[in-house]
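Read through the structure below, which is laid out as structure tokens, and then see the notes.
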Amino acid sequence: MSARVLVLGAAGRDFHNFHVALRDDPAVRVVAFTAAQIPGIDARRYPAALAGPRYPEGIPIVPERELEQACRDLGVTEVVFAYSDLSHPAVMHLASRARACGADFRLLGPDRTMVPAGRPVLAISAVRTGCGKSQIARWAADRLAARGHRVAVLRHPMPYGDLLRQRVQRFAVPGDLDAAACTLEEREEYEPHLAAGHVVHVGVDTPAVVAAAAADGDVLLWEGGNNDFPFVRPDRHVVVVDALRPDQVASHHPGEANVRMADAVVVNKANAAAEAAVRQAVENVHALRPDVPVFLGASEVTLPPGTDLRGLRVMVVEDGPSLTHGGMATGAGHAAALAAGVAEIVDPRPWAVGAVRDVLERYPHIGAVLPALGYSEAECAALARSIGNAAVDAVIAGTPIDLSRVLGHDIPVVRARYDFVPLGTPSLEDWLAAFPGNPDAAP
């Protein structure tokens, strides 16, 4: 008798695990996915064309809050947890809900879910959302390209729209993002790579995406989402820790697992944290992995040359996921505003409308900044109205996209750029010199 499986997900790891481990397993019948973290990704079906011949009607996707009802209605015998950046207690609360319904609770591991690439793979993961893995991924891609490699970037998927269109995607120029109707969150991750000349591959069907990337590049760079472990089997795995959150090295799933299987760890934002916090982060890493090399890095925030914001009232827009389920109160934009000597960082709460107001109420830990919401046209419109209502002099965007294209009004947008700089000797740059298989480089 086949196990009747419900997959707990958030439109990423869940679909990947289904494709590589569950879809064609005759001992498994996936009866539903649930959706969490991302608004508007439930109340739809995983399409039959992706689900395969065993699922001619597709698979329903329901809200996670309906877990118990779905278990009862669908006769679920096993619940598979398949998304990232939840605290360890939160994962076990979900396990308790599943087991109270009589179901088993399972986590699929790397050996079951990592796809071989046939090319050298450098993977960048993290212990939490917002540690700075994207800036390190951009830095690493630039270094590899400078050594003559054709780098193909593989990005953790964000299939929040038309799943069939998002099966396999390749982005080489900014116009590709427009043609694919990418959300603000997708643009945040893809645009900086395109600006640096690196092609980005992403999609629901990981084996097909990996094959396409391997045809483009002689080296693949995996950039994870949240704090998930890689979908692709890496030859070298770098895990990023936030020096501003040293107590979160082993607090969240699957970030702790990332540290335990890392080839190298980077304690990032060491330039912004107290020495004691940096030291604590390193000690917390070595408590799990005494043997792993740990490197320090700086996250340097800069404004365009000649920018003068002194005396201005500004509103700050930060990377959305880092603030929401990443748990951060502020980000690079807020740091840039303080350094620029603005007269006031305007609190957005009195001016927020629609989805923006709802998110600020749902995540009261967020400081006087706006998360860059943009999963839908309605959210983009709410973001633009919330900023326009405040009648500020300027917007500081601590998100790597061109926010002015989204807002559609005349308030000047100043982009705060943040870049990774390796610190210390030896540094991450020295370690990376030995990848992939450079016989003249020191390990």
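The values are calculated or read from the model by the stated rules, or taken from the named source; none is laboratory data. No experiment lies behind these values; they were computed from the predicted model shown. Note: ideal-geometry Cβ built from the backbone for every residue, glycine included; neighbour counts use all protein chains shown. The accessibility values were calculated without ligands, DNA or RNA, using every heavy atom of the protein model including side chains. Shrake-Rupley method; radii C 1.70, N 1.55, O 1.52, S 1.80 Å.
Considering all different alpha carbon pairs of segment 307-443, the Kirkwood hydrodynamic radius works out to 16.3 Å.
Could you size up the charge dipole of segment 89-247 around its Cα centre, putting +1 on the beta carbon of Lys and Arg and -1 on that of Asp and Glu, and report it in debye to the nearest 20? In total the dipole reaches around 420 debye. Rg and Dmax of segment 177-286, both derived from C-alpha coordinates alone, stand at 16.3, 48 Å. What does the C-alpha gyration tensor say about the overall shape of segment 83-129? Classify as rounded when a/c is under 1.5, otherwise prolate if a/b is larger than b/c, or oblate. Note, shape of segment 83-129 comes out oblate.
Please work out the Cα center distance from segment 279-345 to segment 358-404, rounded to the nearest Å. Segment 279-345 and segment 358-404 have Cα centres spaced 17 Å from each other. Counting only protein chain heavy atoms and rolling a 1.4 Å probe, the accessible areas of 395, 414 rank, largest first, as 414, 395. Expressed as a whole percent, the accessible area of segment 126-202 that falls on carbon and sulfur atoms is 51 (1.4 Å probe).
Can you give the Rg to Rh ratio for segment 1-89, taking only C-alpha atoms and Rh from Kirkwood? Ratio of gyration radius to Kirkwood radius: 0.94.
Shown in residue order for segment 324-337 are the 3J(HN,Hα) couplings computed by the Karplus curve 6.51 cos²θ - 1.76 cosθ + 1.60 at θ = phi - 60°: 6, 6, x, x, 7, 7, 9, x, 5, x, 5, 4, 5, 4 Hz (x for Gly and Pro). Dipole orientation for the chain: of the candidates 145, 241, 337, 241 has the Cα lying most toward the positive pole (charges on Cβ; Lys, Arg +1; Asp, Glu -1). Each Lys and Arg adds +1 at its Cβ and each Asp and Glu adds -1 at its Cβ; summed about the Cα centre, segment 1-151 shows a dipole of about 580 debye.
What share of all Cα pairs of the chain, in percent, falls into each consecutive 10 Å distance bin? The distribution over the chain is 4, 21, 31, 27, 14, 3, 0, 0, given as percents.
One chain, two ends: residue 425 and residue 358. Fully extended at 0.36 nm per residue, the span grows by 19.5 nm beyond their Cα-Cα distance. Ranking 237, 325 by solvent-accessible area of protein heavy atoms (1.4 Å probe, all protein chains present), from largest to smallest, gives 325, 237. Amide H contacts for residue 105 (H built 1.01 Å from N in the peptide plane; partners 5 or more residues away or on another chain; cut-off under 5 Å): 79. Taking the alpha carbon gyration tensor of segment 56-198, multiplying each eigenvalue by 5 and rooting it gives semi-axes of 35, 19, 15 Å, largest first. Ordered by solvent-accessible area of protein heavy atoms (1.4 Å probe), largest first, the residues 191, 275, 300 come out as 275, 300, 191. Averaged over its residues, the chain has an accessible area of 39 Å² per residue, based on protein heavy atoms and a 1.4 Å probe. The residue list 127, 19, 183 was ranked by how far each Cα lies along the charge dipole of the chain toward its positive end, using unit charges on Cβ atoms, and 19 comes out on top.
Only one residue of 28, 255, 173 has its Cα farthest out toward the positive end of the dipole of the chain, where Lys and Arg carry +1 and Asp and Glu -1 on Cβ, and that residue is 28. Computed over segment 123-205, the Cα gyration tensor eigenvalues convert (square root of 5λ each) into semi-axes of 21, 16, 11 Å, ordered from largest to smallest. Taking every DSSP bridge with both residues inside the chain, close to 20 percent are antiparallel. Expressed as a whole percent, the accessible area of segment 294-443 that falls on carbon and sulfur atoms is 53 (1.4 Å probe). Across the accessible surface of segment 51-97, with the other protein chains kept in place and a 1.4 Å probe, carbon and sulfur atoms take up 59 percent.
Where nothing but the Cβ of Lys and Arg (+1) and of Asp and Glu (-1) is charged, how large is the charge dipole of the chain around its Cα centre, in debye to the nearest 20?
Result for the chain is approximately 600 debye, rounded to the nearest 20.
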